[in-house]
2 protein chains.
Amino acid sequence: MNKVTPRTLPGFMELLPQDQILFNNMYDRIRKVYERFGFLPIDTPTIELSEVLLAKAGGETEKQIYRFNKGDSDLSLRFDLTVPLARYVAEHYNDLIFPFKRYQMSKVFRGERPQKGRFREFYQCDIDVIGQEALDLMFDAEIPTVIYNVFQELNIGKFTIRINNRKILNGFFESLNLINEASDILRVIDKIDKIGSREVAQELLDFGIAEESVDKIMNFISINGNNDEIITSLKDLNIDNEQFNHGIDEINEVINGMRDFSVPEDYFKIDLTIARGLDYYTGTVYETILDEYPRLGSICSGGRYENLTAYYTDEKLPGIGISIGLTRLFSQLKEIELIENSKRSLTQVLVIPFDRKDMNYTLNIASSIRNAGINTDVYYQNKGMKQKMKYADRLDIPYVILVGENEILENKATLKNMLTGEQDLLSIEEIVERLTK
Amino acid sequence: MNKVTPRTLPGFMELLPQDQILFNNMYDRIRKVYERFGFLPIDTPTIELSEVLLAKAGGETEKQIYRFNKGDSDLSLRFDLTVPLARYVAEHYNDLIFPFKRYQMSKVFRGERPQKGRFREFYQCDIDVIGQEALDLMFDAEIPTVIYNVFQELNIGKFTIRINNRKILNGFFESLNLINEASDILRVIDKIDKIGSREVAQELLDFGIAEESVDKIMNFISINGNNDEIITSLKDLNIDNEQFNHGIDEINEVINGMRDFSVPEDYFKIDLTIARGLDYYTGTVYETILDEYPRLGSICSGGRYENLTAYYTDEKLPGIGISIGLTRLFSQLKEIELIENSKRSLTQVLVIPFDRKDMNYTLNIASSIRNAGINTDVYYQNKGMKQKMKYADRLDIPYVILVGENEILENKATLKNMLTGEQDLLSIEEIVERLTK
């Protein structure tokens, strides 16, 4: 028969079981923290009507979408979890309880040109809070607090949640009469880590920004210090712009909120250069950087938006959310060896009968151990004892239980510690006790 | 602005959080049992190359597939988890440990005509074991044992796992020289519950089967009794066909294996009318019926196959597996009210500050309780106390903690049981103790 080469597409992550165990473990821990903070699960369809999903999209995003026809339907795979959330909230508005705190941890799809660290299919782990008419600013402090707890739980080293407020940026550029150029200016500013501030200033001048404005911009983005110092410096600019000053008040309240949440001060920092590309953010915005690995870029981003559901409903539903791109994060953490290898199996004990006729006794033991909540495998294949032990060894199964004539006669079994080689003839109760302690 | 009507496609299940909690709970419990029996997780891509995914497909399946082009690539969404498993095992052959026991619980996609109880996007919860060269028959007993444990865990009432062996069927039809007509005959037999045995016999005659053979077929499918009686009756047919008799030996061993696994005898039954449509099954086959709701059809099916990976590799990799169609099962169980409503939230306690100035103390309490592993929400919105309590009430949150001036003064908080209305002023330690007991 002609064979087809078994392969997956570039940009699609597929893991061996050992890594899948690690990945699932991270997934589970993120989920646990999200639930710990009162977020509720939803699971929207992977496929949506293009008309619905792309109500807002355009430009780069639209080009990346997996879009196709089936029958008479124009369909698309979701490219994020935020637009489906907007659709979900608008559709189920009357059945939801607000503020609606939801998490969704699902795959999204983007047909990007494949490149290192970019995936075409990847998990996003999102939390969002949607309010009716208004949404308290405390949520702007709660969201990064959840993320602080997630990354503490994942134990991935020191990180910093960088916080900014779009009102500060918009107000500032308004005060310079540069609001229309704002996104271009921010794109240049975004390169500051790579090209340095002198080059940024030059590019802004080349772009046609007046020297006086460039000076003010460079002065603005060079504001630094601790969080309180930055807020003081912003106030000291004495800019007479309502939006700007409202933004300062907001970021101040968010910072104080995070202190109330007991997030250590060195884990969050105001960063005036953060804007987030997406045009729907209207207030607080976040990025998260691993302190030792800034080149990885932001591992968790989000912000506040006022009008996400405007394409579907007249209700005013402001929201705030953040997203962990878990597939990418996992692959990065593996690469820099920030997560250790797991065992090759989730199994705690392998029960091995010497002989097929010992199967009934063997299975009884296995059942007793499973009933105690212990993951238990049984070796059935007709192989030599060496092969049977090798299976346990290769799967990193820490204990083996041996069952033979002698064991059955004594109504016991031999428990062997695969690490130390130690083995003891024990009753089932004794075995369960050893394995559960 | 013109609004787009927010909606999902027919045949795509989307749940409100309350039902999503139930669904996830079932998902988690299935996964726990799979892991309890030593199965390892994998997570293959949703999108595969059509050339790879459809190496074997054809007919009805192929028509249902969501297939499309992106750039130069001919892509398809997976329609089951078995073909991706075959591809996975062939691709990662050298990195896997055999027998390879894997579970995958993911969405699959079939663009069927939408009808009641049919979904176009649905979760399959699969376990399979793949062997190298050979795979012990004990796995044919383990697989339904896992399923027995899953459904016991899900507590969905009395069910019966129906077991047959394709070798018995093939051998029987071989002995009648009807092997080429076998699939048509089985299709007619499959209707016996609906149309009765007399009508089945008539259809077989109409189909051109000789009267003598029809008699033998009717006699064969009418074999009944307990499992041992059926095996005796099969032997008593004295059919001189090697495959037939091999099939009897296998089913006998599988039945005895399940007894060794302590699966109660009334939960599994030999049923000679079960064939499973899929042509890749070669030995044991399974279906599972809810005793009180046979009209729901099989809620869990599978079987043994010898050659699934033959399209990708020359290695001989026999396997056996079974699948729970969780989306359909969930929707059926909801409909017949076999699963109860869950709470509307996963949150155990809502902390409510009387006033914004109490926020710091409030958040400290919330942190302490979360650190004890308790899902905790905080009410931030600027509303009256009645509104705040209503939020807890509508989300079925069982406890509320009230924080006001008096509480802060005493370094305590008021814990209110939402069910009984009882409330007590307690220290944080006392609150944690109450909530964790």
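The values are calculated or read from the model by the stated rules, or taken from the named source; none is laboratory data. Treat the numbers as computed from the prediction; the structure is a model and nothing was measured. In this analysis, Cβ positions are derived from the backbone assuming ideal geometry, glycine residues included, and neighbour counts consider all displayed protein chains.
Looking at the stretch B:389-407 only, could you name the residues that are surrounded by fewer than 18 Cβ atoms within 10 Å (Cβ to Cβ), touching a residue at least 40 places away in the same chain (Cβ under 8 Å) and over 40 Å from the mean Cα position of the chain (by Cα)?
Scanning the stretch B:389-407 gives B:Gly404, B:Glu405.
Does any residue in the stretch A:252-269 that is more than 20 Å from A:Asn155 (Cβ to Cβ) come within less than 9 Å, Cβ to Cβ, of a residue that is of a type in the set (Ser, Thr, Tyr) and not in a helix (DSSP H, G or I) six or more places away or on a different chain, and which pairs are these?
A:Val254/A:Thr284; A:Lys269/A:Thr160
Report the residue count in the stretch B:74-117 for those that are acidic (Asp, Glu) and either surrounded by 17 or more Cβ atoms within 10 Å (Cβ to Cβ) or at positive phi (or both).
Going through the stretch B:74-117, the residues acidic (Asp, Glu) turn out to be B:74, B:80, B:91, B:95, B:112.
With the extra rule that they be either surrounded by 17 or more Cβ atoms within 10 Å (Cβ to Cβ) or at positive phi (or both), the set shrinks to B:80, B:91.
Counting residues in the stretch B:74-117 that are acidic (Asp, Glu) and either surrounded by 17 or more Cβ atoms within 10 Å (Cβ to Cβ) or at positive phi (or both) gives 2.
Any residue that is under 30 Å from B:Arg102 (Cα atoms), touching a Leu at 6+ places or on another chain (Cβ under 6 Å) and either facing chain B (nearest Cβ under 10 Å) or of a type in the set (A, V, I, L, M) (or both) - is there at least one of those in the stretch A:319-331?
No: the stretch A:319-331 contains no residue that is under 30 Å from B:Arg102 (Cα atoms), touching a Leu at 6+ places or on another chain (Cβ under 6 Å) and either facing chain B (nearest Cβ under 10 Å) or of a type in the set (A, V, I, L, M) (or both).
Report, by residue number, each residue of the stretch A:39-64 that is modelled with pLDDT of 95 or more and under 23 Å from A:Ile322 (Cβ atoms).
Matches in the stretch A:39-64: A:Phe39, A:Leu40, A:Pro41, A:Ile42, A:Asp43, A:Thr44, A:Pro45, A:Thr46, A:Glu48.
Can we say A:Ile320 is in a strand (DSSP E or B) and assigned by TED's automatic domain parsing to the domain that holds A:Val150?
yes
Residue-wise test of (1) under 22 Å from the mean Cα position of the chain (by Cα); (2) in the same structural domain as A:Tyr34 (by TED's automatic domain parsing); (3) free of Cβ contacts under 8 Å to residues at least 40 places away in the same chain.
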| residue | (1), (2), (3) |
| --- | --- |
| A:Glu62 | no, no, yes |
| A:Arg67 | no, no, yes |
| A:Arg87 | yes, yes, no |
| A:Leu96 | no, yes, yes |
| A:Ser106 | yes, yes, no |
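So for the stretch B:129-148 (the condition being part of a strand (DSSP E or B) and modelled with pLDDT of 95 or more), does at least one residue qualify? Reasoning before the result, please.
Here is the first cut: in the stretch B:129-148, the ones part of a strand (DSSP E or B) are B:129-130.
Then drop every residue that is not modelled with pLDDT of 95 or more, which leaves B:129-130.
There is at least one residue in the stretch B:129-148 that is part of a strand (DSSP E or B) and modelled with pLDDT of 95 or more.
Please find, within the stretch B:69-85, the residue that is nearest to A:Lys107 (Cα to Cα) out of those that are of a type in the set (Asp, Glu) and in contact (Cβ under 8 Å) with a residue 12 or more places away in the chain. Full working, then the answer.
First, pick out the residues of the stretch B:69-85 that are of a type in the set (Asp, Glu): B:72, B:74, B:80.
So of that shortlist, the ones also in contact (Cβ under 8 Å) with a residue 12 or more places away in the chain come out as B:74, B:80.
Numbers: B:Asp74: 20, B:Asp80: 17 Å.
For the stretch B:69-85, the residue satisfying everything is B:Asp80.
Residues B:Leu77, B:Leu81: which one is more than 29 Å from B:Tyr148 (Cα to Cα), more than 7 Å from every other protein chain (Cβ to nearest Cβ) and at pLDDT 95 or above? Write out each step before concluding.
Values: B:Leu81 fails: more than 29 Å from B:Tyr148 (Cα to Cα).
Sole residue among the options that is more than 29 Å from B:Tyr148 (Cα to Cα), more than 7 Å from every other protein chain (Cβ to nearest Cβ) and at pLDDT 95 or above: B:Leu77.
Kindly indicate which of B:Leu53, B:Leu40 is more than 21 Å from A:Phe23 (Cα to Cα) and touching a residue at least 24 places away in the same chain (Cβ under 8 Å).
Details: B:Leu40 fails: more than 21 Å from A:Phe23 (Cα to Cα).
Checking each option against the conditions leaves just B:Leu53.
Among the residues of the stretch B:11-49, write down those that are facing another protein chain (nearest Cβ under 7 Å) and on the phi > 0 side of the Ramachandran plot.
If the condition is that a residue be facing another protein chain (nearest Cβ under 7 Å) and on the phi > 0 side of the Ramachandran plot, then B:Gly38 is the only one that fits.
Just name the residue that is farthest from B:Ile374 (Cα to Cα) out of those in the stretch B:338-351 that are surrounded by fewer than 19 Cβ atoms within 10 Å (Cβ to Cβ) and at pLDDT below 85.
Here the residue is B:Leu338.
Look at the stretch B:3-17 and say how many of its residues are under 20 Å from the mean Cα position of the chain (by Cα), under 21 Å from A:Ile97 (Cβ atoms) and outside any loop (DSSP other than H, G, I, E, B).
0
What about B:Thr313, is it among the polar types (S, T, N, Q), surrounded by 18 or more Cβ atoms within 10 Å (Cβ to Cβ) and part of a strand (DSSP E or B)? Outline the logic, then answer.
Working: among the polar types (S, T, N, Q): yes; surrounded by 18 or more Cβ atoms within 10 Å (Cβ to Cβ): yes; part of a strand (DSSP E or B): no.
Judged against the criteria, B:Thr313 is not a match.
I'd like the full set of residues that are modelled with pLDDT under 95 and over 20 Å from A:Asp184 (Cβ atoms), limited to the stretch A:206-251.
Within the stretch A:206-251, A:Asn224 is the sole residue that qualifies.
Considering the stretch A:129-156 alone, what residues qualify as being farther than 21 Å from A:Leu272 by Cβ and out of contact with any Phe, Trp or Tyr (no Cβ under 8 Å at 6 or more places or on another chain)?
Within the stretch A:129-156, A:Glu133, A:Ala134, A:Leu135, A:Gln152, A:Glu153, A:Leu154, A:Asn155, A:Ile156 qualify.
Please state which of the following conditions A:Gly111 fails to meet, knowing it meets all the rest: (1) out of contact with any helix residue (DSSP H, G or I) (no Cβ under 6 Å at 6 or more places or on another chain); (2) in the same structural domain as A:Lys316 (by TED's automatic domain parsing).
A:Gly111 satisfies every listed condition except (1).
Would you please name the residue that is surrounded by the most Cβ atoms within 10 Å (Cβ to Cβ), looking only at residues in the stretch B:50-70 that are out of contact with any helix residue (DSSP H, G or I) (no Cβ under 8 Å at 6 or more places or on another chain) and within 7 Å of another protein chain (Cβ to nearest Cβ)?
By that ranking, first place goes to B:Tyr66.
What is the residue count in the stretch B:367-388 for residues that are facing chain A (nearest Cβ under 10 Å), in contact (Cβ under 8 Å) with a residue 24 or more places away in the chain and of a type outside the set (Ser, Thr, Tyr)?
Residues that pass the stated criteria total 7.
Listed residues A:Tyr27, A:Tyr34; which is at pLDDT 95 or above, crowded, with 19+ Cβ neighbours inside 10 Å and either in a helix (DSSP H, G or I) or among the small types (Gly, Ala, Ser) (or both)?
Details: A:Tyr27 fails: crowded, with 19+ Cβ neighbours inside 10 Å.
Residue meeting the stated conditions: A:Tyr34.
Check whether at least one residue in the stretch B:118-125 is away from chain A (no Cβ under 14 Å), modelled with pLDDT under 95 and farther than 22 Å from B:Asn24 by Cβ, and report yes or no.
yes
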